[in-house]
Each structure stands twice: as C-alpha cells, then as structure tokens.
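A.B. asks: What follows is a structure written as structure tokens; I'll ask about it next.
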Amino acid sequence: MVIKHLLPILGILGVGTGIGGLLLPQTAAPSTTFLLEGIALVCLVIYFAGNWTRLKTFSGSRSTRLGFNGILAILLMAGILTIINFLVIRHGGRWDLSETRNFSLAPQTLQVLGQLGQDVRVLVFAHERSPGFRMYRDLLEGYAYSSPRMSVTYVDPEKEPGLARKYEISKIDVAVLESGERTVHVPKPSESNLTSALIRVTTADAKRLVFLEGHGERQVTNQERGGLSLAKQNLEAQGYRIARGSIRKDLALLDDTAVLIIPGPRKSVEPDELTRIANFTAKGGRVLLLFDPQVTNGLEEWISQWGLTLGPGIVVDPEDRVAQGSPTALLVRRFTNHHITKGFTSPVLLPVLQPVSFEQTPGANLEFTSLLQSSEESWAETNFVETTPEFDEGTDKKGPFALAGALSRKRTGLESTPAMVVIGNSAFASNTYLQFPGNTDFLSNAIAWLADEDTLISVSPKESAFPPFIPNPTQEHMLFAVQVFSVPFLMLLSGLTVWRQRSRL
C-alpha cells in the first residue's frame, strides 16, 4: 500500500531527474549526468511496474488505441520534419529568384571566395537598429555560405567598448576583416568594398600604382573639384599601394611599379624623363594615359611610336551629349566587349575629350581595342571659337570615333599581355566626375586590367528591376513637347468637346 502512494512521487521524480540530466551536460561533470539519468531510469521502471495492471486496462480501450495511433502519427511526422530540416541545414542550397539577382554574389566575389587559402574573421560593429546592419548581414551571409573559411561576428560597440577601442572603431556600421596580423576596415556595407577588403587582407604584397607629377598633372593629394583624392581613396580600398612623384627628382620612382598613371600633364615631359618611361614600358611596364584636348605635353611623338594618335579636334556627339548641357560633354553608352567594359550598364560621363586612333607600326606586334565609341552622328570639331558647333564638310572629320582604347602586346604562342590604356580626357577621373557610377567602374577596371588584377575588376551595384531612363537630347525634346504642349492641348480639346455636346442639349 505504501508503494502505491509513492508511485506518483517516483514518476514525477523520474521525469524531473531525466530532464535535469539532459540539461546538465554543458554545466556539470559526466558522472553527475550519469547518476541523474540512472535515478530517473530506476524511478520510471518502478512507476510503470506498479501501474502495469492499470496501464494494461487503459491501453486496451478503443479510444486509447485511436489516441495512441494519432500520437504515433504526430511523432512520426515530427521526426520526418526534423530529419528534413537537419538535412536542409547541413546540405541544403540557396536560391535567388529575384529578377535582378539582388541576393546573389557577383562572379568576381565567388572567384575570390573559391580561392581563399586562409581563415578570415569578420567583425561587424553595428547594432540591429543601425542603418547598415541589415545590409552587412544580407551580404555576409552569402560570403560565409560560399566559403567555410569565413566567419562573421556582430559586435555592439556600446555593449563592448573595449573591443571597439581595440579595433579603433569610432562610429557604428563598420566591418573589420582580420586574417593573421592584418586588419582592414570597411566603412560602408557594399559587396565591392567587402570583396576588395577581403583581397587586401589575404594578399601579402599589394601592387604599387605611381601617379606622375611635375608637369601640371592632376594630383592625388588635391581634394578640390579637379583633384584625384577620391580616385586615390577608391584605389586604396581595392588593395593598391599608391605612390606619387617626379621621375626627374626620384630616379627609382618606377621601381616595383605595376602601373604608371599619367593624369593630364599640362607641361612638356623632358627627354630624360621620357627615356625612363620608355625603358619602363620596354621591360613590360604598363601605363594609363589621360590626355586632355588642346594640350601639348611632349609625349605625342613617343605614343606615335606605339601607333597611337590623339585628336585633332574635340568630339561632338548629338546622340550622346549630356541633355541640354555643353555639346562636347558626352554621356557615352556604347561599349565594346573588352574585359574592361564587359557587362557595363552605367554610362560614362566624359567632359570635353579628343578622339583616339591607332595605326599598326611595322614589327610592333600590338593589338588595339576601342573601349568607348561615339555614334555615327558625331564629328571632331576643330573650330573652337563657336559656342554652338556645327559640322563643317571638308573641315571636320566625321565619326564614329574611339574615345578610349586598350593596347596589348601580342606574344608568340602566348596570350596578349596588357601594355597601355589611353583616354582622351583626364577630368572624368577627377573628384567632380568620379562619383558618377560609370566613371568609377571604368577607371577601376582599366587599372585592374593593366595590373593583371582580374579579381579587382569593380563589382558594380546590382541594377534595379526598373532602371532609370536617361534620355538623349532628341528624346528630351520629344518629352518636353509631349508634357508642355501635347497634354494641355488634349485636355483643352476634350473640354471643348464636352462643352459643345452639353450646349446642344
């Protein structure tokens, strides 16, 4: 009789110690867990043995059998769902069904992640209410999924100020990529910034870019509208080392240089400097030339040896001019299939530029590819006095023209190697125009191609499913006529028609 009164207590004790034993492995020794589970087993065995007759009678009823079958079906379905969920978590895939693939990483990023040879830790200093938190989370989930070497940790700098001080965090929404002893800060959540930082933090030696100075060129230290400080900032974010200087003052300036950039010289380059540039290219060095119209810089004869000629005249293109602005300011939308411009969708804004032409020189074994093209309606204006240029037959040369070009060296039995990119304008890379998306991508891609940094080809932002409509001048005139004249005229006509019909009633 005493045992029967103790059976409920033993049952409760068995269930309690069993649950406690399951919850204790993380905080208690294995022996404690084993003891609790043993006590639970003994108590439950005694409980079921003491209630065997009652359980046998209860289980024999029809309602119990139906209920048991229902419970068994529920448990079976729960087990199946648990197994499916486990398999999906461990071996499932990811699908991006959005029209513009907004939730998929770019091929450049996937290539970098696939070649990742060392562990990278990402610390995102943000909280859930901060503007960039969701963007970091959506992007980095794809990074971590694509490479097991990527780990992501989210840190609230207000709750962990010590960690924020350690990584020199002064504001929220900053990601820090860490690999070994290297750290790289990402101040803005974008795939381009994260991929560039990933390359930089895992690359031992960053390639060196040199901006030539001493001839009135645009300077990377200049933060004014005509300077190149924004270009320097973007290139450093992509993992390049930036240097600047004069060949005349620093004879070793071109040593260990991947690309020499000559950004719009205004004064003549001295013969001894030109000799050093020629020696640099003869040894396989690459050059980015940004030449402005109507400027003599002393490099004309040297580039003619490469078969290149700039000008004469300034390109006027009625099809690609910037709305109602200057007829010589072009919004170029015509790209070739070269590696630099492949997949371009954003137009490139080029203010006041000259055409680029190429003629193969005997024995040079060079290959020229036009990167940007003007329309068939374009021409090279040589009369610089007129404010509204018009095509003069016999004086002005008719287009289309190459506005920028890439020059490659053709090797016997090997693929062509980059040699030079020439652009008939330098202002497009200045702080004023570089914020235009197409300009940023074009400059970054040109330098990446010259430096053999295919993985640093700019990762452009995902295009909207409804891209903005940028009209050319002809379309702009049509829209103006429709909005200003046609719509009001139709409204007036419909009003008069209604008034006339009512007056007849």
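A.B. asks: By average Cβ neighbour count within 10 Å, what is the ranking of 402-409, 124-131, 269-276, 206-213 from highest down? Could you put the intermediate results ahead of the total?
C.D. replies: Values: 402-409: 22.6, 124-131: 16.8, 269-276: 14.5, 206-213: 21.0.
The peptides rank, most packed first, as 402-409, 206-213, 124-131, 269-276.
A.B. asks: What is the gain in length, in nm to one decimal, between Asp256 and Thr395 on full extension, counting 0.36 nm per residue of separation less the C-alpha to C-alpha distance? Spell out each step's value before the answer.
C.D. replies: On the way: separation 139, 0.36 × 139 = 50.04 nm, distance 4.63 nm.
In short, 45.4 nm is gained.
A.B. asks: How large is the accessible surface per residue of segment 317-360, computed with a 1.4 Å probe and reported in Å² as a whole number?
C.D. replies: Numbers: 1910 Å² over 44 residues.
It amounts to 43 Å² per residue over segment 317-360.
A.B. asks: Can you order the peptides 183-195, 156-168 by their average number of other Cβ atoms within 10 Å per residue, highest first?
C.D. replies: Numbers: 183-195: 19.5, 156-168: 13.3.
Highest-to-lowest ranking by the protection proxy: 183-195, 156-168.
A.B. asks: Report the calculated FRET efficiency for Glu377 and Arg129 (r = Cβ-Cβ distance, R0 = 35 Å), to the nearest 0.05.
C.D. replies: On the way: r = 53 Å, r/R0 = 1.51.
Efficiency, from the Cβ-Cβ distance: 0.10.
A.B. asks: On to the next question. If I stretch the segment between Ser494 and Glu160 completely, what's the gain in nm (0.36 nm per residue apart, minus their alpha carbon distance), one decimal? Working shown, then result.
C.D. replies: On the way: separation 334, 0.36 × 334 = 120.24 nm, distance 6.85 nm.
Difference between extended and current length: 113.4 nm.
A.B. asks: Same structure, new question: To make sure I understand the rule: partners must be aspartates and glutamates, Cα under 19 Å from the Cα of Lys342, and not fewer than 8 residues away in the same chain. Which ones qualify?
C.D. replies: Glu191, Glu367, Glu415, Asp441, Asp452, Glu453, Asp454, Glu463
A.B. asks: OK, next. Using only the Cα atoms of segment 219-275, build the gyration tensor, take square roots of its eigenvalues as a ≥ b ≥ c, and label the shape rounded, prolate or oblate: rounded if a/c is under 1.5, else prolate if a/b is larger than b/c, else oblate.
C.D. replies: Working: a/c = 2.62, a/b = 1.37, b/c = 1.92.
Oblate, because a/c is 1.5 or more while a/b does not exceed b/c.
A.B. asks: State which entries of Lys283/Lys398; Lys166/Lys232; Lys159/Lys188; Lys249/Lys397 exceed 32 angstrom in Cα-Cα distance in the structure shown. Don't jump to the answer; show the numbers that get you there.
C.D. replies: Values: Lys283/Lys398 38 Å; Lys166/Lys232 27 Å; Lys159/Lys188 21 Å; Lys249/Lys397 41 Å.
Checking Cα-Cα distances, Lys283/Lys398; Lys249/Lys397 exceed 32 Å.
A.B. asks: Another question about this same structure. Starting from the 7 Å offset along Cα-to-Cβ, what nm value, one decimal, do you get for the label separation of Ala243 and Ser326?
C.D. replies: Inter-label distance under the simple model: 3.5 nm.
A.B. asks: So, one more: Taking 0.36 nm per intervening residue step and subtracting the Cα-Cα distance, what contour gain separates Phe48 from Glu141 on full extension? The partial results should precede the final answer.
C.D. replies: On the way: separation 93, 0.36 × 93 = 33.48 nm, distance 4.97 nm.
Stretched fully, the Phe48-Glu141 segment lengthens by 28.5 nm.
A.B. asks: If packing is taken as the average count of other Cβ atoms within 10 Å, what order do 112-123, 427-438 fall into, highest mean first?
C.D. replies: Numbers: 112-123: 16.2, 427-438: 20.2.
Peptide ranking by packing, descending: 427-438, 112-123.
A.B. asks: Which FRET efficiency, nearest 0.05, do Gln305 and Val487 yield, Cβ-Cβ r, R0 56 Å?
C.D. replies: Working: r = 59 Å, r/R0 = 1.06.
Efficiency for this residue pair is about 0.40.
A.B. asks: Can you bin segment 229-319 into rounded, prolate or oblate? Criterion: square roots of the alpha carbon gyration tensor eigenvalues sorted a ≥ b ≥ c, rounded for a/c under 1.5, prolate for a/b above b/c, oblate for the rest.
C.D. replies: Values: a/c = 1.90, a/b = 1.21, b/c = 1.57.
Judged from the Cα gyration tensor, segment 229-319 comes out oblate (a/c at least 1.5, b/c at or above a/b).
A.B. asks: With the crude spin-label approximation of a point 7 Å out along Cα→Cβ, what separation in nm comes out for Glu270 versus His339?
C.D. replies: Output for this residue pair reads 3.6 nm.
A.B. asks: Let me ask something else about it. Can you give the FRET efficiency for Arg411 and Tyr167, using 1/(1 + (r/R0)^6), R0 = 30 Å, r = Cβ-Cβ distance, to the nearest 0.05? Show your work: numbers first, answer last.
C.D. replies: On the way: r = 46 Å, r/R0 = 1.53.
Efficiency computed from Cβ-Cβ geometry: 0.05.
The values are calculated or read from the model by the stated rules, or taken from the named source; none is laboratory data. None of the values given here were measured: they were computed from a predicted structure. All Cβ positions, even for glycine, are placed from backbone atoms using ideal geometry, and neighbour counts span all protein chains on display. Only protein heavy atoms, including side chains, enter the accessible area calculation; ligands, DNA and RNA are left aside. Shrake-Rupley method; radii C 1.70, N 1.55, O 1.52, S 1.80 Å.
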